[in-house]
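Student: After the structure tokens below, expect a handful of questions from me.
Where a number appears in this text, it was derived from the coordinates with a stated rule and is not lab data. Quick caveat, the model's predicted, so the values are computed rather than measured. Neighbour counts run over all protein chains shown; Cβ positions are idealised from the backbone, glycine included.
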Amino acid sequence: MTQKELSEILHDIGCPVNEGVSSLKNEKVFPRIDYWEIMWEDTMASGDDYENEITWQISFYARKPRNPKLIALKNRLNELGYHPTIAHEYVTEDRVWHSYFSITTDGVIG
């Protein structure tokens, strides 16, 4: 999967999506998705060449747990052969459920 394909999957869920920090416009909109790069890795390809992989954190914010759009995202990723472990936490000061997972894409660094 590429970053472009990942972005399309996230946008297809039908809630605001931000790459990086939430925009001020979307900061208090729920549910919403924020995602950003958390790791770059060079992996050996054929011969002496390396390919880049980028790992992304996907954060899903909602007012209630088990939001239908989060479940739709999980189901869509499962259909495509991705089965991320999704962690959940309740953010007391914001009174929001934060569900998050990582996924790795092919990428170009630099």
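Student: Could you go through the stretch 21-29 and let me know if any residue there is touching a Cys at 6+ places or on another chain (Cβ under 8 Å), surrounded by fewer than 16 Cβ atoms within 10 Å (Cβ to Cβ) and in a loop (DSSP other than H, G, I, E, B). Step through it out loud before you land on a result.
Tutor: Kept after step one, since they are touching a Cys at 6+ places or on another chain (Cβ under 8 Å), are these residues of the stretch 21-29: 29.
Cutting the leftovers down to surrounded by fewer than 16 Cβ atoms within 10 Å (Cβ to Cβ) gives us 29.
From what is left, the residues that are in a loop (DSSP other than H, G, I, E, B) are 29.
The answer is yes; a qualifying residue exists.
Student: How about the stretch 40-66: which of its residues are hydrophobic (A, V, I, L, M, F, W, C) and in contact (Cβ under 8 Å) with a residue 24 or more places away in the chain?
Tutor: TRP40, ILE54, TRP56, ILE58, PHE60, ALA62
Student: Okay, moving on. On the given criteria, is ASP106 in a strand (DSSP E or B), farther than 19 Å from ASN26 by Cβ and either in contact with a strand residue (DSSP E or B) (Cβ under 7 Å, 6 or more places away or on another chain) or not β-branched (Val, Ile, Thr) (or both)? Break it down into steps so the answer makes sense when it comes.
Tutor: Working: in a strand (DSSP E or B): yes; farther than 19 Å from ASN26 by Cβ: yes; either in contact with a strand residue (DSSP E or B) (Cβ under 7 Å, 6 or more places away or on another chain) or not β-branched (Val, Ile, Thr) (or both): yes.
Yes: the conditions hold for ASP106.
Student: Continuing with the same structure: Could you tell me which numbered condition ILE71 fails, if it satisfies all but one of (1) of a type in the set (A, V, I, L, M, F, W, C); (2) in contact (Cβ under 8 Å) with a residue 12 or more places away in the chain; (3) not in a loop (DSSP other than H, G, I, E, B)?
Tutor: Condition not satisfied by ILE71: (2).
Student: What single numbered condition from (1) touching a strand residue (DSSP E or B) at 6+ places or on another chain (Cβ under 7 Å); (2) assigned to a loop (DSSP other than H, G, I, E, B) fails to hold for HIS83?
Tutor: (1) is the only condition that HIS83 fails.
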